[in-house]
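Where a number appears in this text, it was derived from the coordinates with a stated rule and is not lab data. Since the model is a prediction, treat every value here as computed from it, not as a measurement. As a convention, Cβ positions derive from the backbone with ideal geometry for all residues, glycine included, and neighbour counts pool all protein chains shown.
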Amino acid sequence: MKIKLLCFSLAILFANSVSAQKTAKSNKTTAAAYPQTVARPKLVVGMVVDQMRWDYLYRFYSRYGQGGFKRLINEGFSAENTLIPYTPTLTACGHSSVYTGSVPAINGIIGNNWFDPQLGRDVYCVEDKSVNTVGSTSKAGLMSPKNLLVTTVTDELRMATNFRSKVISVSLKDRGAILPGGHTSSGSYWYDGATGNFITSTHYMQQLPTWVNDFNAKKLPNKYFAEDWNTLYPIATYTESTADDKPYERLFKDEKTATFPHLFKQYANKNYSLMTSMPQGNTFTLEFAKAAIPAEKLGQTGNTDFLAVSLSSTDYVGHQFGPNSIELEDTYLRLDKDLEDFFNYLDKTIGKGNYLFFLTADHGVTHVPGFSKENKLPAGGLATKTFQKALDSIILKDYKVKGAIFTLMNNQIIFDTEAIKAANADYSKIKQTAIDYLVKQEGVLNAVDIKNLGNVSLPQDLKMKITNGYNARRSGDVYIILDAGWYPTLNPGTGHAAWNPYDSHIPNVFMGWGVKPGKTNKEYYMTDIAPTVSALLHIQQPSGSIGKVITELMK
C-alpha cells in the first residue's frame, strides 16, 4: 500500500514538473513574440496639392506615366468620396483642417484673412509681428502658427517621442508651410518672392541651416525661368482641355495673349515672385524637400520623422487659367513626372515600404464663369463689393447708422456692432434687412443669420458646413450662399470658397507603410486624415480633432 502511495505521489510530482516546464516554455515563447517597440514607419510624407480637385486623378489618368499618380492610385488606398466639411473652402482653412483633424470653428483658421473688430483691421492667418524674418531682409518672414488654436498631427508626433522626431515642412506659400508644420516644427520654410530664396522666421530658429543656404545659392528659379513654359507634349494632344487663349484667362505681365509659350527668361534676377505661377514651382519645391531628407537625416533618426510638402503652383495656375485650360493640364502632366521622381527618391533613400505617404488637397476650384457660360452651363461673376455700398446706403437711410458694415469677406458680412449700438438701432432688424436685400441679387442662392441657423430652411448638410466654418471670435454674422457655378469676381480667371462639390471634393490617397491597397466610396472628410495618421503611428490625435479613422486602409 505504501509503495502504491509513493508511486502515486511521484507521478503527481513528475506531472506537475512537466506542466511547469511547459508553462514556463510557453510563457517564454509568448514573451519573445511580443514586439520590443511600437511599429512605426521611418518617415511620414504628407503632401497637399493646392487646388487639386478629386477628378484630376482620373481626368488625366490616360496621360499619366506609370510611376506617379498611377502608382499612387493603384498601390495605395483611395478614399474616393472625401469632402470638406465646412465653408468657405480656402487655402489656410484646408491646410489647418488636414493636419489638425479639426474645422475652422475649433482651430480658428476661418480664412486666409479675416477681419478682427477689436483690432479694427484685417488679420492674415499666419501673421506674427513679434518675430523676425530669417534668411531675408524682407517682411515675408514675419510669420508663425500662433493664430492656430489647436495642435497638429505633426505636433502630436513630436510630443509622442519627447521631441526626438523631426518635423520639416515646406511650401512656396507661407501658410502652406507653417500650418502643416504646427507649433513645434523643427523647421518650416517658405518662398520669398523678393529674393527667390526659401526663408523662415525666428519662431523656429535664429539663422538658416547651412543646407538651406547652399540650396538657395543655386538660384534654381533662374534655371526654370530660362526654360520658359512650353507644353510638355505637342499642344494638339491636349484633348482634355479647351483651346488656348480664351478671353476669360488671365494674362501674365507683358503678355498680349494667353498662349504658349509663356516667356519667363526676362524675369531672371528680376521678378522672382513669378516662380509661383509656373509648373516648375512644384519641381522647385520638391527639390527642396529632397534636399531636406539627407540634410536633416529624416528617416534615419531612429524615430519616425515627418516631411510636410505643400505644392502651391497648381493653385496659381488654376486661378489664372481655370480647370479646363491647357495650362492646367500641362501642370498636372508635369507634376505626374515630378511625383514619379520623388517616389523613386524616397524608395532609394528611405526604402520602399519604410515610409507612409498621403496626398490630398486643401480645396478644389470653380469652373471659370466665362467657360461655363460659353458651354451653356449656369454660372456668373459677382461684384460683391457693390453689395456693401448698397447696404450701407439702405441702413443709413432706414436706421441712421453710418458705416454699419466693416467689410464683406469670406462670403460673410461683418457688421460694426459698436456703431449700431451707438445709434440705438436694432441689430436684428439690420441683419434681416441685409438678408432681404441679398436674396434678391442675381447669383445669390440664400443669405442666413448664422446665429439663427437652426430656424433657416436649408439642407442639413449645408447647415453643418456653415456651422463648422463659423468661429465666434473671428467670423461675421450673415453668410452669403452663392448659386452653383457663381464666383464673386468679374475679373478673368476663377477661384474657390464654395460648399459645392467642385470646391469641396478632394483627393485622399494613402500609400506605403501600413496601407492596404484599395478604394472606398464611403463618405469621408478632410478631417479624417489626421486621425488616420495618428492611428497608424499609435499617437494621440490632435487636440481639436473631430475626425474618424479610415480603418479600411489599414493592413
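Neighbour counts of other Cβ atoms within 10 Å put 69, 321 in the fewest-to-most order 69, 321. Take the Cα of residue 523, step 7 Å toward its Cβ, do the same at residue 230, and the gap between the two points is 4.9 nm. Spatially, the stretch 171-237 and the stretch 282-336 are offset by 10 Å when compared through their Cα centroids. Listed by chain and number, the lysines whose C-alpha is less than 30 Å from the C-alpha of residue 548, apart from same-chain residues fewer than 8 away, are 42, 70, 146, 166, 173, 352, 451, 463, 465, 516, 519, 522. Using r as the Cβ-Cβ distance of residue 75 and residue 245, and R0 as 25 Å, what FRET efficiency do you calculate, to the nearest 0.05? Taking R0 as 25 Å, the efficiency between residue 75 and residue 245 is 0.05. Taking a temperature of 20 °C and a viscosity of 1.002 mPa s, what whole-number D in µm²/s does Stokes-Einstein yield for the stretch 91-190 with Rh from Kirkwood over alpha carbon pairs? My calculation gives 155 µm²/s for D.
Shape class for the stretch 427-484, computed from the alpha carbon gyration tensor (a ≥ b ≥ c): oblate, with a/c not under 1.5 and a/b at or below b/c. In this Cβ point-charge picture (+1 for Lys and Arg, -1 for Asp and Glu), the stretch 58-186 has a dipole of about 400 debye about its Cα centre. Rounded if a/c is under 1.5, else prolate if a/b beats b/c, else oblate: with a ≥ b ≥ c from the C-alpha gyration tensor eigenvalues square-rooted, which is the stretch 280-344? Prolate is the answer for the stretch 280-344, as a/c is 1.5 or above and a/b outweighs b/c. With a Förster radius of 45 Å applied to the C-beta separation of residue 424 and residue 34, the computed FRET efficiency comes to 0.05. Under the classification rounded if a/c is under 1.5, otherwise prolate if a/b is larger than b/c and oblate if not, where does the chain fall, given a ≥ b ≥ c as square roots of the Cα gyration tensor eigenvalues? Prolate, because a/c is 1.5 or more and a/b exceeds b/c. For residue 300 and residue 66, a Förster radius of 41 Å and the Cβ-Cβ distance give a FRET efficiency of 0.90, rounded to the nearest 0.05. Exposure proxy ranking for 305, 503, based on other Cβ atoms within 10 angstrom of each Cβ and starting from the fewest, stands as 503, 305. Working note: Cα gyration tensor of the stretch 332-474, eigenvalues times five, square-rooted, sorted largest first, giving semi-axes of 44, 21, 15 Å. Ellipticity at 222 nm from helices only: DSSP H runs of n ≥ 4 in the chain, each -39500 (n - 2.57), divided by the residue count, give -10500 deg cm²/dmol. Compactness check for the stretch 124-277: Cα Rg over 2.2 N^0.38 Å is 1.27.
Estimated at 0.36 nm per residue, the fully extended path between residue 386 and residue 164 surpasses their Cα-Cα distance by 74.6 nm. Report, for the chain, the % of DSSP beta bridges that are antiparallel, rounded to 5. DSSP beta bridges in the chain are roughly 50 percent antiparallel. Each residue of the stretch 82-88 was assigned a 3J(HN,Hα) from its phi angle through the Karplus expression (A = 6.51, B = -1.76, C = 1.60, θ = phi - 60°), giving 9, 10, 8, x, 8, 8, x Hz with x at Gly and Pro.
With θ taken as phi - 60° and the Karplus curve 6.51 cos²θ - 1.76 cosθ + 1.60 applied, the whole-hertz 3J(HN,Hα) list for the stretch 113-127 is 9, 8, 9, 9, x, 5, 7, x, 7, 5, 10, 7, 3, 10, 5 Hz, x standing for glycine and proline. If the chain linking residue 268 and residue 460 were pulled fully straight, counting 0.36 nm for each residue of separation and taking away their Cα-Cα distance, it would gain 63.9 nm. The simple spin-label model puts a point 7 Å past each Cα toward its Cβ; for residue 345 and residue 58 those points are separated by 3.1 nm.
In the stretch 421-555, a dipole from Cβ-located charges (positive for Lys and Arg, negative for Asp and Glu) runs towards its positive end, and of 455, 554, 475 it is 554 whose Cα lies farthest in that direction.
Enumerate the residues in the stretch 264-300 having an amide nitrogen under 11 Å from the point lying 7 Å beyond the Cα of residue 255 toward its Cβ. Within reach of a label on residue 255: 264, 277-279.
Sorted ascending by nearby beta carbons within 10 Å, beginning with the fewest, 37, 276 become 37, 276.
Angle check, please: helix 2-33 long axis (alpha carbons) against the longest principal axis of the chain (alpha carbons), in degrees 0 to 90, nearest 10. So the helix axis and the longest Cα principal axis differ by about 30 degrees. Sort out for me the Cα centre separation of the stretch 505-550 from the stretch 105-155, rounded to whole Å. Their Cα centres are 26 Å away from one another. The simple spin-label model puts a point 7 Å past each Cα toward its Cβ; for residue 552 and residue 402 those points are separated by 6.1 nm. Close amide H contacts of residue 445 (hydrogens built in the peptide plane, cut-off under 5 Å, sequence separation of 5 or more or a different chain): 481, 482, 483. The orientation-averaged shadow of the Cα convex hull for the stretch 304-412, equal to a quarter of the hull surface, comes to 11.6 nm².
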